[in-house]
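This report concerns only the one structure given below.
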Amino acid sequence: MDIDDILREVDPTFHSIPQEQRDLQDLTRAYVAERCAPELLHYPPDNLIDRVHENIKRQIERVEEMTGDMDPKTNFALIVIQNELERYRFILRSYLRERIRKIHKHTLHYLSSDELRSRLSDIEVRYATARQSRLHQHYMSSFLAEFPPQLQNLNDTAGNLTMIDSPDLDSAVFVRLLRDTLVESRGVDNDGLIEGKEGQIFILRWADAKPLIARSSAELI
């Protein structure tokens, strides 16, 4: 069950909402979650980003068709459409920039396993791979070439120590429960298990909040 299923339970009229509006809601939730989570989340499924791009393209074409009409009613509608278009574009740009920021910060980490790669879109995988390759070439030409061959790898894990920088899974996040559920948390002194109620807000370590998000029992805020 995902968040759409939960919304359908809470609001039976959910599917009467136009697809474009639902896409905007899904994109907004994805953006908020991406901003709040300390690690890269999975790329949105069901071609959400492609549909958003198409919606933006249609709105731009509509604005171009309406531009130049001197009818006051048309001009007012044009202002509304332009504002909605800018909102769409702002959320999409901000979401993609946040993902790029995380990829930049931990490129090797997200390329280190198939599970982590699966969180990226095909374009993001190609971008991260090309960026890491160019970065390694730059390091080689700058200073790595002077090191012994065994010390030239940027992903060395010798001696049970890794050179790959990873996100901090103990970072604190805020979550809002979407249903009654048990909330498990790890504290400094001891661990705890709380009976959480729908709508309650908790501050948890990301490692503890992640299972709640994965089974759509909570959302990041």
Members of region 190-221 found to be in a loop (DSSP other than H, G, I, E, B) and over 22 Å from the mean Cα position of the chain (by Cα), listed by number
Asn190, Lys197, Glu198, Gly199, Gln200
Considering region 123-134 alone, what residues qualify as being open to solvent by 50 Å² or more (accessible area, probe 1.4 Å), within 14 Å of Lys105 (Cα to Cα) and not aromatic (Phe, Trp, Tyr)?
Thr129, Arg131
How many residues does region 143-165 hold that are in a loop (DSSP other than H, G, I, E, B), at pLDDT below 80 and either exposed (fewer than 10 other Cβ atoms within 10 Å of the Cβ) or touching a Gly at 6+ places or on another chain (Cβ under 8 Å) (or both)?
1
What's the total number of residues in region 188-204 that are among the acidic types (Asp, Glu) and modelled with pLDDT of 90 or more?
2
Among the candidates Leu169, Leu182, single out the residue that is in a strand (DSSP E or B), among the aliphatic types (A, V, I, L, M) and open to solvent by 60 Å² or more (accessible area, probe 1.4 Å).
Leu182
How about region 96-118: which of its residues are out of contact with any helix residue (DSSP H, G or I) (no Cβ under 7 Å at 6 or more places or on another chain) and either open to solvent by less than 30 Å² (accessible area, probe 1.4 Å) or within 11 Å of Leu41 (Cα to Cα) (or both)?
Lys102, His106, Ser118
Given Asn83, Asn47, Asn55, which one is surrounded by 14 or more Cβ atoms within 10 Å (Cβ to Cβ), over 24 Å from Phe174 (Cα atoms), free of Cβ contacts under 8 Å to residues at least 60 places away in the same chain and not charged (D, E, K, R)?
Asn55
Looking at (1) closer than 30 Å to Arg35 by Cβ; (2) free of Cβ contacts under 8 Å to residues at least 40 places away in the same chain, find the lone condition where Lys102 falls short.
(2)
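The values are calculated or read from the model by the stated rules, or taken from the named source; none is laboratory data. Since the structure is predicted, the reported quantities are computational estimates derived from the model, not experimental observations. Using ideal geometry, Cβ is built from the backbone for each residue, glycine included, and neighbour counts are taken over all protein chains shown. Keep in mind that these areas ignore ligands, DNA and RNA; they rest on the heavy atoms of the full protein, side chains included. Shrake-Rupley method; radii C 1.70, N 1.55, O 1.52, S 1.80 Å.
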